[in-house]
Amino acid sequence: MAVSCNDDERKRRLRGLGYTDAEIDVVDKEEYGKLDATNQKAYVKQDIKACLQRADLHVSNPDSGNMVSHFNSLADQLLTFVALMIRPGLVTPTPLERCMQIAYTAKLNSGCISRQVGAVVTDVNFSVQSVGWNDTPFGQVPCSLRNRFDLTNGHDQDAYSEYEKLDVKFISAALAGNEKFLKVASTGRNISYCFKDEYNQLTGKDNQVHTRSLHAEENAFLQIAKYGGRGVEDGKLFTTASPCELCSKKAYQLGIKEIYYIDPYPGIAMSHILMGGSKNPKLIIFSGAIGRAFHNLYSPKLSFKDELNALSL
Ligand SMILES: [Zn+2]
Ligand SMILES: [Zn+2]
């Protein structure tokens, strides 16, 4: 389960508890930093990024607004979850849950080896217009199916770019990197690699432009242009992460009015791109059940008609 509020609100509360901005930064780096399985801390530390990606119950904990609200919105969400746990299928999913569940389903198609994200674009009435996930453009082989030994041995040539096959520096770095994966390769695992990481390591930069994948959000936007579809002005975007600066700009230009997101640590996309001008989309942190919890909470044990008839005997 993940309990979230928007980032400004979170920081405001922490300041209220006496944290300075510098201290908040330290806490964020510690709890939301890059933790991978090679880092011993990953096994013992709070890992909010992973929690947000794995949670299937999302509770939004917004500003309670005033002194007399008694956290009504928070209480309502918890009551709904508990009621559904006791009685699956008591109510049907909200449109938000339905759409986010579709995004959550789409995310599993992602062939990115570091992160899977899904997105859905709907019209103003939550009618789904397109889905997307982070992946390479159609026609290019996703990272999960490429193999560094194939590259350096000249196998499966279509899967690798001209740059990867021709650049002397890149190939020598790849060859040098192969060494440490020989043992892993003997376990039968496919030795994929993240081009962006390899390239950044080679150039000594931390550039986010060299991903091979399209982002889930832009992929969903592009499906509409590619196959034809209805306009999405005043529509909604659902993302299982949060829109980056580039995708936010595209959502803004499309006239998207509401963006539902899960990961509330957005960088400057929100305040810089989405909060400027006169057509700002509303950013709404997602609350509800997705994934396994969606099925557990919303699948009735038997049809209500059968239950009533059986009980009336
Ligand atoms: Zn990748
Ligand atoms: Zn993006």
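The values are calculated or read from the model by the stated rules, or taken from the named source; none is laboratory data. What you see is a predicted model; the values in this text were computed from it and never measured. No Cβ is skipped: glycine too gets one built from the backbone with ideal geometry, and neighbour counts run over all protein chains shown. All accessible areas refer to the heavy atoms of the entire protein, side chains included, with ligands and DNA or RNA removed. Shrake-Rupley method; radii C 1.70, N 1.55, O 1.52, S 1.80 Å.
Taken across region 240-255, residues that are open to solvent by 30 Å² or more (accessible area, probe 1.4 Å), out of contact with any Asp or Glu (no Cβ under 8 Å at 6 or more places or on another chain), over 30 Å from Phe149 (Cα atoms) and small (Gly, Ala, Ser) do not occur at all.
Considering (1) surrounded by 14 or more Cβ atoms within 10 Å (Cβ to Cβ); (2) touching a Leu at 6+ places or on another chain (Cβ under 9 Å); (3) without any contact (Cβ under 8 Å) to a residue 60 or more places away in the chain, the lone condition that Ala42 does not fulfil carries the number (1). For region 193-213, state whether one or more residues are among the aliphatic types (A, V, I, L, M) and open to solvent by less than 40 Å² (accessible area, probe 1.4 Å). Taking every residue of region 193-213 in turn, none turns out to be among the aliphatic types (A, V, I, L, M) and open to solvent by less than 40 Å² (accessible area, probe 1.4 Å).
Looking at region 64-179, the helices (runs of 4 or more DSSP H) lying wholly inside it that each contain 1 or more residues that are more than 30 Å from Tyr260 (Cβ to Cβ) sit at 148-153, 162-166, 168-178.
In region 106-157, which residue that is more than 15 Å from Thr211 (Cβ to Cβ) and within 16 Å of ligand 2 (Cβ to nearest atom) is nearest to the chain's Cα centre (by Cα)?
Gly118
A count restricted to region 204-227 and to residues that are away from ligand 2 (no atom under 14 Å from the Cβ) and among the acidic types (Asp, Glu) stands at 1.
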